[in-house]
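Visitor: I'd like to ask you about the structure that follows.
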Amino acid sequence: MIEQFFWPESVKQALELKRQFQDEAVYFGGGSKLNATPTKTTKKFGIALSKLGLDKVSLQQGKLHIGSQATLQRLIDTPLIPDALRHALGFIYSRHLRNQATLAGEIVAKQKERVLLPVLLVLDALVVTAKGETISLEEYLDNDRDDLLLEVILPDPYQNCSTRKIARSAAGLAVITAAVAAGSNGEMKIALDGVSERAIRLRDVESRGLSDDELEKAVSDAISPRADIGGSEAYKRYIAGVVVAELLADCQQMSEEK
């Protein structure tokens, strides 16, 4: 439980506080994850990020820069946000939570479902850390890092992309979340959450250029979901394949309509 808060006015001050308190401190954005089970924090010191100005959204030379502390509701209301990402933001059903939760919180929280990650992965999102690094979101997740994030960059934000959450109800936990994008060069990109310990890109499947029934089977064979309250392993394999094939068809239709 957090016993003391600090409000640094610069990234440098925030990093210094983290160095001072080490594992007893946690960065605090909106607090939607740190105050709720199962991600409720046990740290003693909270380093609030609200005074760091990390909530700006801008388009720079065709790349979309999104501040890590922008709330999800603000992003929904921002015209620059691509349609697929705006749709994924709506997967978080509660407006109250969207007003509180930040983009960085959705990325770094070790929660069971991270419904924004598939669409961010297929949009080739980059993350900028307080250490001065710019790395792919995929690499960040693969290495289970917890650096302070400054912003997320989408290099090609308006490519054809579609995403879907499968759940028993609009407010229910996701069984799976999937996203597919078709880049300007025709490259297909596929990402899923809920079929592994973390959100993943299916790069082996992407490279095969499949569609319809062949794509469904390839996706089903490529994943290793676990049975839980959301459904059996067989159901998750089946629904993941069907949804990915449908999302690819959506992307192809977008391309034809342009």
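The values are calculated or read from the model by the stated rules, or taken from the named source; none is laboratory data. Keep in mind that this is a model prediction, so the values were computed, not measured. Here the Cβ positions follow ideal geometry from the backbone for every residue, glycine too, while neighbour counts run over all protein chains shown. Surface areas here come from the heavy atoms of the whole protein model, side chains and all, with no ligands, DNA or RNA. Shrake-Rupley method; radii C 1.70, N 1.55, O 1.52, S 1.80 Å.
Visitor: Where does segment 17-169 land on Rg(C-alpha)/(2.2 N^0.38 Å)?
Guide: Normalised Cα radius of gyration, segment 17-169: 1.01.
Visitor: So which GluC sites (Glu not before Pro) in segment 1-96 pass both tests, a DSSP loop state and at most 15 other Cβ atoms within 10 Å of the Cβ?
Guide: Values: sites: Glu3, Glu9, Glu16, Glu24; in loops: Glu3, Glu9.
For GluC sites (Glu not before Pro) across segment 1-96 that sit outside H, G, I, E and B with at most 15 neighbouring Cβ atoms in 10 Å, the list reads Glu3, Glu9.
Visitor: Rounded if a/c is under 1.5, else prolate if a/b beats b/c, else oblate: with a ≥ b ≥ c from the C-alpha gyration tensor eigenvalues square-rooted, which is segment 1-93?
Guide: The shape class here is oblate.
Visitor: Calculate the radius of gyration of the Cα atoms of segment 66-151 to one decimal place, then report Dmax, the largest Cα-Cα distance, as a whole number, both in Å.
Guide: 12.2, 34
Visitor: Determine the distance separating the Cα centre of segment 104-164 from the Cα centre of segment 198-258; give it in Å without decimals.
Guide: 20
Visitor: Percent relative contact order of segment 1-114, based on C-alpha pairs within less than 8 angstrom and at least six residues apart?
Guide: 27
Visitor: Which one of Ala199, Ala222, Ser211 is farthest out on the positive end of the charge dipole of segment 182-240, using unit charges on Cβ (Lys, Arg +1; Asp, Glu -1) and the Cα centre as origin?
Guide: Checked the options; the winner is Ala199.
Visitor: Which three extents, in angstrom, do the Cα atoms of the chain have along their principal axes, listed largest first?
Guide: If we take the Cα atoms of the chain, the spans are 55, 44, 31 Å.
Visitor: Averaging over all projection directions, find the projected area of the Cα convex hull of segment 116-258 and quote it in nm² with one decimal place.
Guide: 9.2
Visitor: Relative to the Cα centre, what is the charge dipole magnitude of the chain, using +1 at the beta carbon of each Lys and Arg, -1 at the beta carbon of each Asp and Glu, and rounding to the nearest 20 debye?
Guide: That gives the chain a dipole magnitude of about 960 debye.
Visitor: Still on this structure, please answer the following. Which lysines does Lys18 reach when only Cα atoms under 22 Å apart count, and residues fewer than 8 places away in its own chain are ignored?
Guide: Answer for Lys18, where 22 Å is the Cα cut-off: Lys33, Lys40, Lys43, Lys44, Lys51, Lys110, Lys131, listed by chain and number.
Visitor: Dipole size in debye (nearest 20) for segment 122-215 around its Cα centre, Lys and Arg Cβ +1, Asp and Glu Cβ -1?
Guide: Working: 10 positive and 18 negative charges, 76 e Å.
Result for segment 122-215 is approximately 360 debye, rounded to the nearest 20.
Visitor: Kindly identify segment 51-107 as rounded, prolate or oblate by the Cα gyration tensor criterion: order the square roots of the eigenvalues as a ≥ b ≥ c, call it rounded if a/c is under 1.5, otherwise compare a/b with b/c, prolate if a/b is larger, else oblate. Please list the in-between numbers first.
Guide: Values: a/c = 2.15, a/b = 1.24, b/c = 1.74.
Oblate is the answer for segment 51-107, as a/c is 1.5 or above yet b/c matches or exceeds a/b.
Visitor: To continue, here is another question. Answer with one residue from Leu103, Ile166, Ala182: the one whose Cα lies farthest towards the positive end of the charge dipole of segment 49-185, charges on Cβ with Lys, Arg +1 and Asp, Glu -1.
Guide: Among Leu103, Ile166, Ala182, the one farthest towards the positive end of the dipole of segment 49-185 is Ile166.
Visitor: Let me ask you something else. Over all Cα pairs of segment 176-223, how is the pair count split among 10 Å bins, expressed in % and running from 0 up to the last occupied bin?
Guide: With 10 Å bins starting at 0, P(r) equals 26, 59, 15, 0.
Visitor: Under a 1.4 angstrom probe, counting protein chains only, how are Tyr93, Tyr158, Tyr140 ranked by accessible area, largest first?
Guide: Tyr93, Tyr158, Tyr140
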